[in-house]
Amino acid sequence: MDEFLERVGPERAWAATVVTLAVALIGGALAFPQQVYVDFIWHYYWGPVVADAHGWSCVAWADGAEIPCNQAGADAGPTASPGYTFTSYAGYIPTLILFLIGILFLIRRLAIERYRAGFYALFPFMLFGGALRVVEDANVAAPEMVLPFPWTGLIISPLIYFTVAFVAVIAVVVSVFLERGGVVSGYEYPLFGIGVTALTVTVGFLAYLAATETWVSFHWRILVLTLVGATLVTAITWVAIDRFAPEINEGTMYMGLVVIWAHAVDGVANVIGLDWASRLGWDQNLSPKHPINEAIVNITGSVLPQSVVDVTGAAWPFLLVKLAAAVAVVWVFDRTIFEDSPRFAVMLLITVVAVGLGPGTRDMLRATFGI
């Protein structure tokens, strides 16, 4: 394998891998449409996006038509529900890795060296991704959909990760050229500005809907409690690390603080959204869409007495799991990793933050705007 990569080159090997997989998938779908497309691609990947885009709890494949399950006959094909399954995870994770490797090659081509500056400059894009997903939630909740399907599929999880990453990559390229042209002193400044602008426009659109539409509301207490709660548990975790195990954060330094805060937002947003949103002004609670937090809620609800769950809720262990996972990631990224491959290490940390802050921002804003 090493000889092959040396002879062909890693970039060509990556391109060949992507093309081969794409041809195999498309060719298989054309040659065996039922087995490859309907029973696999549609059932596990595109069907959940269709259901999510239309606000259906379940969608059925009925001889090429995609209809709600309650309208499908007994002989309808496979069904799909919004959210993820372990099978879809098994496909999305390798795809994400391939995508990250491609971005890594692009960054190498651009000869970017100040990786930590880029990490902080990309932070608004991670918030932007979650806010953009809520725009699609609002589109589904609207009496009449404004954004057409299938284009809305691009802002539904997990495709939205690739959409936001594409926007961020374009912003990086533009920012680097602005720096090389002497327009700015560092690429991180326009990059951060583009991210903040995208985030401001997106959240501003949601605020506009809340001010002008009856089907969108605004519950400021949910927003404040989520941000304050996430910041508080992050501070406690950070102080504990600094006092009892400072070696955990020797490699990431303050990037580790961002990682922990991002997953704390996800954890706190789940706790508040799943258990307490209806007590903070919204007329309902969120429902879990990921198999992990759904399993945690179900296990907690079955283990603890109902009288205890009524007081504590059932989602709070998810926050502990998120914090433990974030600390573990920070620990793994020690000083050696940054010395050996700083570019790849920062790229992976950006991904870690995105997969926490993206869903967390979405849950927080969904509950905040009552969508």
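The values are calculated or read from the model by the stated rules, or taken from the named source; none is laboratory data. In this text the structure is predicted, and so the values were computed from the model without any measurement. Glycine also receives a Cβ, built like all others from the backbone with ideal geometry; neighbour counts cover every protein chain displayed. Calculation scope for accessible area: heavy atoms of the full protein, side chains included, ligands and nucleic acids excluded. Shrake-Rupley method; radii C 1.70, N 1.55, O 1.52, S 1.80 Å.
Side notes on the structure shown:
- Dividing the mean sequence gap of close Cα pairs (under 8 Å, 6+ apart) by how many residues the stretch 219-341 holds gives a relative contact order of 36 percent.
- Translational diffusion coefficient (Stokes-Einstein; Kirkwood radius from C-alpha pairs) of the chain at 4 °C, 1.567 mPa s, in µm²/s: 58 µm²/s
- Applying the Karplus relation 6.51 cos²θ - 1.76 cosθ + 1.60 with θ = phi - 60° to the stretch 170-181 yields 3J(HN,Hα) values of 4, 5, 5, 4, 4, 5, 5, 5, 5, 5, 5, x Hz, where x marks Gly and Pro.
- When 290, 263 are compared by accessible area of protein heavy atoms, the largest-first order is 290, 263, using a 1.4 Å probe.
- Solvent exposure, largest accessible area first (probe 1.4 Å, DNA, RNA and ligands not counted), of 242, 334: 242, 334
- Candidate residues 63, 340, 39: accessible-area rank, largest first, probe 1.4 Å: 63, 340, 39
- Note on the stretch 248-302: the alpha carbon radius of gyration divided by the globular reference 2.2 N^0.38 Å gives 1.45.
- Solvent-accessible surface (1.4 angstrom probe) belonging to residue 178, in square angstrom, nearest 10: 60 Å²
- Taking θ as phi - 60° and the Karplus parameters 6.51, -1.76 and 1.60, the scalar couplings of the stretch 230-244 work out to 5, 5, 5, 5, 5, 4, 5, 5, 5, 5, 5, 5, 5, 8, 9 Hz in sequence order, x denoting glycine and proline.
- The distance between label points at residue 307 and residue 95 comes to 4.9 nm (points 7 Å beyond Cα on the Cα→Cβ vector).
- Contact order relative to length of the chain, as percent, for alpha carbon pairs under 8 angstrom and 6 or more apart: 20 percent
- Residue-wise HN-Hα coupling along the stretch 333-341, computed from phi with Karplus coefficients 6.51, -1.76, 1.60 (Hz; x: Gly, Pro): 7, 7, 5, 4, 4, 6, 6, 7, 8
- Between the stretch 23-68 and the stretch 104-118, the alpha-carbon center distance in angstrom: 37 Å
- Residue 217 accessible area, 1.4 Å probe, all protein chains in place, Å² to nearest 10: 40 Å²
- Long-range tail of P(r) for the stretch 215-265 (Cα pairs > 12 Å, %): 66 percent
- Close amide H pairs (under 5 Å, H built 1.01 Å from N) link residue 62 with 67, 77, residues at least 5 positions away or on another chain.
- Helical content of the chain, expressed as a calculated mean residue ellipticity at 222 nm, amounts to -22500 deg cm²/dmol (DSSP H runs of 4 or more residues, -39,500 (n - 2.57) each, divided by residue number, nearest 500).
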